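To start, the structure itself, in structure tokens.
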Amino acid sequence: MSSASSSVRRIAATVLAAGAVVGAAALPAAAHDGDRHHQRPRVEISRVQADSPGRDDRSNRSLNNEWVEITNTTRDGINLRGWTLRDNDGNRYRFDNVRIGARATIRIHTGNGRDTRTDLFQDRRNYVWDNNSDTATLRDDRGRTVDTETWGRRR
């Protein structure tokens, strides 16, 4: 019986050791997946059209062809009240009681217009985004940077 008892102990030790190795190998992968999940913003700047097509004649049509798109990547709607969108020169657009739906995109135009579920207007009479280089920064209602999008050469 001592040889059977010894065999059972060896088998149990082998199973426990194998479990520890598998568990240790899986831990870093799970931690890495968690880190990657936290790095992706829930709301992100998905597209920017800094240079409106055609001549920059400051017409409302031209101003509204300059825009930034913001996308909610989650399954839940998010209220953007108090969030801001800024450029390098300090121009700031503050979101009122705006709700962006799950996996939805909204476009923030520079010129004048009537806000809808998919399009918001800054009601400006001058261009905001530099055609050659600028940075769009999206901040939440606590002032934390949520996402940035930079194009061109830095000044």
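The values are calculated or read from the model by the stated rules, or taken from the named source; none is laboratory data. Just so it is clear, the structure is predicted and the values come from calculations on it, not from any experiment. FYI the Cβ positions are ideal-geometry reconstructions off the backbone, even for glycines, and counts take in every protein chain you see. Only protein heavy atoms, including side chains, enter the accessible area calculation; ligands, DNA and RNA are left aside. Shrake-Rupley method; radii C 1.70, N 1.55, O 1.52, S 1.80 Å.
Each residue in the stretch 99-127 was checked for being open to solvent by less than 10 Å² (accessible area, probe 1.4 Å) and β-branched (Val, Ile, Thr), and 4 of them qualify. The number of residues in the stretch 128-155 that are open to solvent by less than 70 Å² (accessible area, probe 1.4 Å), farther than 23 Å from Leu80 by Cα and either polar (S, T, N, Q) or not in a strand (DSSP E or B) (or both) comes to 4. If the condition is being assigned to a helix (DSSP H, G or I), open to solvent by less than 20 Å² (accessible area, probe 1.4 Å) and not aliphatic (A, V, I, L, M), then the stretch 48-71 contributes only Ser62.
Among residues of the stretch 78-102 that are without any contact (Cβ under 8 Å) to a residue 12 or more places away in the chain and closer than 13 Å to Val68 by Cα, those with a Cβ under 6 angstrom from a residue that is among the polar types (S, T, N, Q) and part of a strand (DSSP E or B), sequence gap 6+ or separate chain, pair up as Arg92/Thr84.
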